[in-house]
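Right, one structure below, let's go through it.
The values are calculated or read from the model by the stated rules, or taken from the named source; none is laboratory data. Because the structure is predicted, anything quoted here is derived from the model rather than measured. Backbone-built Cβ (ideal geometry, glycine too); neighbour counts: all protein chains shown. Areas reflect the complete protein model, heavy atoms only, side chains present, ligands, DNA and RNA absent. Shrake-Rupley method; radii C 1.70, N 1.55, O 1.52, S 1.80 Å.
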Amino acid sequence: VNNETPGHISECMKAFIQRVAAKAQEISEKAGKSSISPDHLIAALEHLGFGGYKEELLKIAAEDAETKKAKPRKKKLGQGKMSLEELAEMQKKLFAKSKAKMQEM
């Protein structure tokens, strides 16, 4: 293996991923969707002759879905129990406390 081989492999991988992503995006747009789903990726792989990866992709998609379910979702600002004014006041107090600690050093 010469020194150029890893670079060539990397370029081939990039080209493959770009081709699959482009086809998946095309399929997604035809379906009227704004983002690519696992189904779009599977369809793209099948269209490009790589349907043999379908089962592995489905397995990964299922694992990803389970991981997302297990993660606690972050609350968006404004969905908590505090108002924006209360949050701003709390931030102000924390900054003052931090500044006081820094001046003690």
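When the pairs 14/68; 23/59; 33/68; 33/54 are compared against a 24 Å limit on Cα-Cα distance, 14/68 fall above it.
Scanning the chain for trypsin sites (Lys or Arg not before Pro) that sit in a DSSP loop and have at most 13 other Cβ atoms within 10 Å, the longest stretch containing none of them is 34-72. The angle between the Cα long axis of helix 38-47 and the longest principal axis of the Cα atoms of the chain comes to about 20 degrees, rounded to the nearest 10. Placing +1 on the Cβ of every Lys and Arg and -1 on the Cβ of every Asp and Glu, with no other charges, gives the chain a dipole of roughly 820 debye about its Cα centre.
Among 95, 50, 16, the largest mean-square fluctuation in a Gaussian network model of the chain, built with springs joining Cα atoms closer than 10 Å, belongs to 95.
Across the chain the C-alpha pair distances fall into 5 Å bins from zero in the proportions 2, 10, 10, 11, 11, 9, 9, 7, 7, 8, 9, 5, 2, 0 percent. Scalar couplings 3J(HN,Hα) for region 11-22, obtained by applying the Karplus form with A = 6.51, B = -1.76, C = 1.60 to θ = phi - 60°, are 4, 5, 5, 4, 5, 5, 4, 5, 5, 5, 5, 5 Hz; x denotes Gly and Pro. Remark: relative contact order (the chain) = 14 percent; criterion is Cα-Cα distance under 8 angstrom and separation of 6 or more residues. Evaluating 6.51 cos²θ - 1.76 cosθ + 1.60 at θ = phi - 60° for every residue in region 48-53, the Karplus couplings come out as 8, x, 10, x, x, 8 Hz, glycine and proline recorded as x.
Heavy-atom accessible surface of the chain, averaged per residue, reaches 90 Å², computed with a 1.4 Å probe.
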